[in-house]
Amino acid sequence: MLTIPAAIAEEMIAHACELKPHECCGILGGTRESVSQHYRITNILANLSESDLARFDAPKLSDLKQLSPEERADIAFQMDSQEMGNALRDIRDRGVSLQAFYHSHTMSPARPSQTDITIAMEFEGYREKLNLPEPLHIIISLLNIESPDIRAFRIRNHEATEVPTTLV
Ligand SMILES: [Zn+2]
């Protein structure tokens, strides 16, 4: 169970709406699956090189190569590493811990894509070296713009399992 203050959920939805049709992304900190800090992070996917694109799964990669950088950011995300480092440092300085990464899906349901799972597993590959706890992965779907959907997932062994969330 992940607990998110309603004010932070509203900020995340506002972030997603502002960036639409691009995906937004960010980090949540807190303690024991209770969120207290929210950090917006820049989605740098629009500026990715061909070698960076190599990490994407094949069907999506061939799509991505044909898209303009702006269009790429509409369907995927990658966090700016410096901003991510700053957020993780701030989380540590405040004596709390990493709880979740989030990003938006502007045109699809709140469910991790194959690319999302690949990125999450890649992060797992070096997470212990960074001495970070395992984060949940939150997706904000704007598919129904009248009623944005926020769902959290635990991603292990290339499988995503939904973790219930409560707004407080
Ligand atoms: Zn996604």
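Ratio to report: Rg/Rh of the chain, with Cα atoms as the point set and Rh obtained by the Kirkwood method; give two decimals. We get a ratio of 0.94 for the chain. Amide H contacts of His38 (H built 1.01 Å from N, in plane; Pro and chain starts excluded): Gly29 sit under 5 Å, all sequence-distant by 5 or more or on other chains. Per the Debye formula on identical point scatterers at the alpha carbon atoms of the range 1-43, with no solvent, log10 I(q)/I(0) at q = 0.29, 0.32 Å⁻¹ is -1.02, -1.12.
Taking other C-beta atoms within 10 Å as the exposure proxy, Ile150, Ile119, Ile4 rank Ile150, Ile119, Ile4 from fewest upward. Looking only at the range 75-89, which residues have a backbone nitrogen under 11 Å from a spot 7 Å from the Cα of Ser108 in the C-beta direction? Counting only backbone N, you get 75-77.
Once both labels are positioned 7 Å from their Cα atoms along Cα-to-Cβ, the gap between Ile145 and Thr166 label points is 3.3 nm.
Read-outs throughout are calculated quantities, based only on the coordinates presented, and are distinct from any laboratory measurement. Remember, it's a predicted structure, so these values are computed and weren't measured experimentally. Here the Cβ is made from the backbone with ideal geometry for all residues, glycine too, and neighbour counts use every protein chain on show.
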